[in-house]
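Structure first, commentary second.
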C-alpha cells in the first residue's frame, strides 16, 4: 500500500516560505520596474524619430539631373489636405507672380510664387499623398502628383499621363530654407 506522507510545516519553515515568496515578489516588482523604465526611455528615444518622419516641415528639392537645389518648400497639412508652398528658389523676387499660368491654370494667374499652395493633395490609406496636383509655376504646367516619406526623405512624383518622374527632397529647417542662396 502506498502511504501518502503528510508533513505539517513548522513555524520556522512557514517563516522561510513566506520570506522566499516576499523575496520573489520583490524581484518580480523590481524587474517590472526596470521594464517600465526601459519602455519609457525607449518611447522617449523613438518619439523624435517618428516626428522626423512626418511629412510636414521644410524640404529642399533637388534637381536629379544637376544634383543642385532647385527650391525650398514648406509642406503642411490643413483640413486633411497636404499643401506645399515655395519658400525660396533661384532668382527669387518677392514680387514674382505666375504670369504663365493661363488657360486651365487661370485661377493661378498672377498669384505670387511665394505664399501660394503649388502642391495640393489628399492622403491615401498607405501614407501616400495623392489625388491632387503640383504646379510648375515657372512653366505654367499642372501635373498629377504623389508625395510620401521614405527613409527620412520626401519622395515627390509628378505624372504626365502614365509617365512619371520622382525627385528626392531633403529635410531642412525654416532658417535654411528662407536664407539659402543658389550659386552656379
Out of the range 97-122, which residues are surrounded by fewer than 14 Cβ atoms within 10 Å (Cβ to Cβ) and either in a loop (DSSP other than H, G, I, E, B) or touching a helix residue (DSSP H, G or I) at 6+ places or on another chain (Cβ under 8 Å) (or both)?
99, 102, 110, 115
Taking residue 167 and the conditions (1) without any contact (Cβ under 8 Å) to a residue 60 or more places away in the chain; (2) surrounded by 13 or more Cβ atoms within 10 Å (Cβ to Cβ), which numbered condition does it fall short on, given that it satisfies the others?
(1)
Looking at the range 78-96, can you tell me whether even one residue there is more than 17 Å from residue 136 (Cβ to Cβ) and crowded, with 20+ Cβ neighbours inside 10 Å?
yes
For residues that are in a loop (DSSP other than H, G, I, E, B) and under 18 Å from residue 55 (Cβ atoms), tally how many sit in the range 145-184.
3
Restricting to the range 123-139, name every residue that is more than 15 Å from the chain's Cα centre (by Cα) and either under 18 Å from residue 56 (Cβ atoms) or part of a strand (DSSP E or B) (or both).
130, 131, 132, 133, 134, 135, 136
When residue 142 is evaluated against the numbered criteria (1) within 23 Å of the chain's Cα centre (by Cα); (2) assigned to a strand (DSSP E or B), which criterion, by number, is the only one it fails?
(1)
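With 94, 48 as the choices, which residue is at pLDDT below 90 and either in a loop (DSSP other than H, G, I, E, B) or in the same structural domain as residue 157 (by TED's automatic domain parsing) (or both)?
Matching residue, one of 94, 48: 94.
The values are calculated or read from the model by the stated rules, or taken from the named source; none is laboratory data. Fair warning: this is a prediction, and the values are worked out from it, not measured in the lab. Positions of Cβ are generated from backbone atoms using ideal geometry, with glycine treated the same way; all protein chains shown enter the neighbour counts.
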